[in-house]
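A.B. asks: To start, I am sharing the structure in question, which I have written as structure tokens.
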């Protein structure tokens, strides 16, 4: 980097300015010191304050009391006197009118009685048709017939071991009187007797149930008793 050289005249001018400023500062400082020494000291004088005395209070005389004003008397209005009554005018007396001739009274004819319409009774409702309940008869079978068939169906082993008991079966009988279904409702103490009772119920011929004389299918319960004759 190249440094430019400052010309000599510029240095000279700067030096003159610095010297002039220094001389001016010295002059100002000397002037201030001289002015301080020449000024006389200040004297402070105290001026006493005069307090004004209060003026005496003078009481004003009481104001004169005005006399009471009497109220003005009220004027009572005078009553107006009523004017004298006017004399009544006499009305002219009219002559009495002649009485109207008496007309004969008309006879009072009674009105014909009003006959009220006689209500016609409503027609009676026809009686409801009587519906008769259907006549039904249940399934039947002869007891002697059941007893005779029970002796035939008595198991030989049950007789040997002296097994006895009653089995109640429930049989569904068709309209033709045949057993279509057999159920054991009450069992005995021996399975051989229960099986024999089912076979017996299936082999029996029944009198079917009837409704109004027509045969229908129905259920029936039959007790079958197995008992030895010598017991």
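A.B. asks: Label residue 184 and residue 15 with points 7 Å out from Cα along Cα→Cβ: what is the distance between them in nm?
C.D. replies: For residue 184 paired with residue 15, the spin-label model returns 15.9 nm.
A.B. asks: Figure the gain on full extension for residue 211 and residue 176 (residue separation times 0.36 nm, minus the Cα-Cα span) and round it to one decimal in nm.
C.D. replies: In short, 11.2 nm is gained.
A.B. asks: Next up: Using 0.36 nm times the number of residues separating residue 26 and residue 133, minus their current alpha carbon distance, what extension gain do you get?
C.D. replies: Computed gain between residue 26 and residue 133 is 22.5 nm.
A.B. asks: How many times 2.2 N^0.38 Å is the alpha carbon radius of gyration of region 192-231?
C.D. replies: Rounded to two decimals, the normalised Rg is 1.61.
A.B. asks: Shape of region 134-185 from its Cα gyration tensor (a ≥ b ≥ c, root eigenvalues): rounded if a/c is under 1.5, otherwise prolate when a/b > b/c, or oblate?
C.D. replies: Prolate shape, in that a/c is at least 1.5 and a/b is the bigger ratio.
A.B. asks: Next up: What distance in nm separates the two pseudo spin-label positions at residue 168 and residue 145, each 7 Å out from Cα along the beta-carbon direction?
C.D. replies: 2.3
A.B. asks: Out of every Cα pair in region 139-231, what percent are spaced more than 17 Å from each other?
C.D. replies: 48
A.B. asks: Arranged from highest to lowest average of other beta-carbon atoms within 10 Å per residue, in what order do the peptides 22-34, 138-150 appear?
C.D. replies: Peptide ranking by packing, descending: 138-150, 22-34.
Each value in this text was obtained by applying a stated rule to the coordinates, not by laboratory testing. These numbers come from a predicted model, not from an experiment. Note that we place each Cβ from the backbone using ideal geometry, even for glycine, and neighbour counts take in every protein chain shown.
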